[in-house]
Amino acid sequence: MTPRQLFTRQTFFQQMKEKFAFDRYRVRFVRAIERFWTLLFLTYFYCAETGDGDESLGLKLIRNRREHGLVDWI
């Protein structure tokens, strides 16, 4: 793995922890982990698509438009 790939992955997981509470969810079963990851990635990509590739901007736009209930629900 190149340093750039490593940095990209570390940055991604740090953003997932900070913005989407990735580190606060506890599950016991593999199926539950798969479901959680699926929902988390769908939320991330929804935010990235809304922000034209920038998930941080997308999350801000969603919160400003009062669609944050949808992200919270997902």
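Can you tell me how much longer the chain between R63 and R35 gets when fully stretched, taken as 0.36 nm per residue apart minus their C-alpha distance, in nm with one decimal?
Values: separation 28, 0.36 × 28 = 10.08 nm, distance 2.40 nm.
Gain on stretching R63 to R35: 7.7 nm.
Can you give me the relative contact order of the range 21-61 as a percent, contacts being Cα pairs under 8 Å and 6 or more apart?
Working: 28 pairs, mean separation 9.0, N = 41.
Taking the mean separation of contacting Cα pairs over the length of the range 21-61, I get 22 percent.
For S56 and Q14, calculate 0.36 nm times their separation in residues minus their Cα-Cα distance, and state this gained length in nm to one decimal. Each step should come with its number before you reach the end.
Working: separation 42, 0.36 × 42 = 15.12 nm, distance 1.24 nm.
My answer for the length gained is 13.9 nm.
Any read-out appearing in this document is the output of simple, stated calculations on the displayed coordinates, not a laboratory observation. The model shown is predicted, which means the values in this text are computed figures rather than measured ones.
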